[in-house]
Amino acid sequence: MVVDGPGRGGATAGDVVAVAALLAAPVERIFGELGPIATAFAGIVAAAAAAGRRPVVADLAGLRPLADAAMGADGLLVGAGVVLEPGLLADADRYLEWRQRGRDGRYGALVLDVDPASEDPYDYPEMEWFRVPRDERRRMVGGPYFDYRGADRFALTFALPVVVDGVFAGVAGADVPLAVLEAELLPVLRRIRTRAALVNHESRVVTANTPHYATGARVRPGGPGEPLEVVPAVEDLPWDLLVAAAG
């Protein structure tokens, strides 16, 4: 399928919608990899509650092989694990059970200073990828941003809320380098031969088929300049495909 010619280059509305669906496929696949981690985490929290206690750090050790397996199954992931609602654990106020894959391919724990009393803590409760799942009980993708404390590259953080008996327990999440995701998205996006970009919930460019749209730049479909057609790609995030008319 090539989208080209007058208007969209003779392409039907269905053609562009099909491209949008193909762009959404890797996003849905990543969230799918988080499912087993989220389910296991919810089970740990529920089992502790059934025993009349709060979970402790040691209870979370069983999540490590699941996080490693998620990274092993999907080459897009360089980090995976859970990030907990403050106060959930009996022996730690803030905590994340997070694994990462180094550039050498080895898996290991990511250790961050999450103590709010520290000089420069990793204040995850205030980060959008944590706040949105907590406050709105829906999945979220944060970024692209430069992840200098984890992946040490431009990355996206995928986060899936984990709710147990109506109480938010935290998120199951994954870090994905932007360059690696772009490598999968660009061949699809280049099927559109007019200017096109995949944008996030802030209308910031995730990737585009032209340097005209810089990654991270904000593109306003209703603003001045060339008209852009908006086609939903992942509606609940929401991420959209923007397509310029052929000139």
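The values are calculated or read from the model by the stated rules, or taken from the named source; none is laboratory data. Bear in mind the structure is a predicted one, so any value in this text is a computation, not a measurement. Virtual Cβ from ideal backbone geometry, glycine too; neighbours counted across all protein chains shown. Please note that ligands, DNA and RNA were not included when accessible areas were found on the heavy atoms of the full protein model with its side chains. Shrake-Rupley method; radii C 1.70, N 1.55, O 1.52, S 1.80 Å.
Is the range 81-156 rounded, prolate or oblate when judged by the Cα gyration tensor, a ≥ b ≥ c being the square roots of its eigenvalues, rounded requiring a/c under 1.5 and prolate requiring a/b larger than b/c?
Oblate shape, in that a/c is at least 1.5 and b/c is the bigger or equal ratio.
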In order over the range 200-211: 3J(HN,Hα) from phi, Karplus 6.51/-1.76/1.60, θ = phi - 60°, whole Hz, x for each Gly or Pro, gives 8, 5, 9, 6, 9, 6, 7, 7, 8, 8, 8, x
Scoring the chain by relative contact order with C-alpha pairs under 8 Å, at least six apart, yields a percentage of 20
Rounded to the nearest 10, the angle in degrees between the Cα long axis of helix 178-189 and the longest principal axis of the Cα atoms of the chain comes to 30
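Skip the ligands, DNA and RNA, and give the accessible area per residue of the chain with a 1.4 Å probe, whole Å².
For the chain, the solvent-accessible area averages 44 Å² per residue.
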Taking max minus min of the Cα coordinates of the range 1-147 on each principal axis, largest first, gives extents in Å of 64, 37, 35
The long-range amide H neighbours of Trp239, using H built 1.01 Å from N in the peptide plane and a cut-off of under 5 Å, are Ala233, Val234
Among Gly35, Gly102, Gly170, the residue with the largest mean-square fluctuation in a Gaussian network model of the chain built from Cα contacts under 10 Å is Gly102
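Highest mean first, how do 126-134, 161-169 rank when packing is the count of other Cβ atoms within 10 Å averaged over residues?
Values: 126-134: 17.8, 161-169: 15.8.
Packing order, densest peptide first, comes out as 126-134, 161-169.
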Per residue, the convex hull enclosing the Cα atoms of the range 177-247 spans a volume in Å³ of 87
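Of all trypsin sites (Lys or Arg not before Pro) in the range 170-247, which ones are in loop regions per DSSP and have a Cβ with at most 15 other Cβ atoms within 10 Å?
Sites meeting the loop and neighbour criteria: Arg190, Arg193.
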HN-Hα couplings for the range 62-79 via Karplus (6.51, -1.76, 1.60; θ = phi - 60°), in whole Hz with x for Gly/Pro, come out as x, 7, 4, x, 5, 5, 4, 5, 5, 5, x, 7, 9, x, 6, 7, 10, x
Looks like the range 117-183, by Cα gyration tensor root eigenvalues a ≥ b ≥ c and the a/c under 1.5 rounded cutoff (else prolate when a/b is bigger than b/c, oblate otherwise), is oblate
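Counting each DSSP H run of 4 or more residues in the chain as -39500 (n - 2.57), what helix-only mean residue ellipticity at 222 nm follows after dividing by all residues, to the nearest 500 deg cm²/dmol? Display every interim value, and only then the final one.
Details: 4 runs with 70 residues, N = 247.
It comes out at -9500 deg cm²/dmol, rounded to the nearest 500.
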Non-local residues with an amide H under 5 Å from the amide H of Val163, with H modelled 1.01 Å from N and Pro and chain starts lacking one, are Ala169
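Applying a 10 Å radius around every beta-carbon, put 105-111, 230-236 in order of their mean neighbour count, most first.
Put in order of decreasing packing, that is 230-236, 105-111.
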The long-range amide H neighbours of Tyr95, using H built 1.01 Å from N in the peptide plane and a cut-off of under 5 Å, are Leu84
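Starting from the eigenvalues of the Cα gyration tensor, five times each then square-rooted, give me the equivalent ellipsoid semi-axes of the range 58-124, largest first, whole Å.
The answer is 24, 15, 9 Å, longest axis first.
Using a 1.4 Å probe over the heavy atoms of the protein chains, calculate the carbon and sulfur portion of the accessible area of the chain as a whole percent. Provide the component values of the computation, followed by the final result.
Details: 5870 of 10990 Å².
On the chain, the fraction of accessible area on carbon and sulfur atoms equals 53 percent.
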Karplus ³J(HN,Hα) for the range 15-32 (6.51 cos²θ - 1.76 cosθ + 1.60, θ = phi - 60°; Hz, whole; x = Gly/Pro) runs 4, 5, 4, 5, 4, 4, 5, 5, 5, 6, 4, x, 5, 5, 5, 5, 4, x
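Projected area of the chain, taken from the Cα convex hull and averaged over every viewing direction, in nm²? Write out the running numbers ahead of the final one.
Working: hull surface 58.2 nm².
Over all viewing directions, the chain projects a mean Cα-hull area of 14.5 nm².
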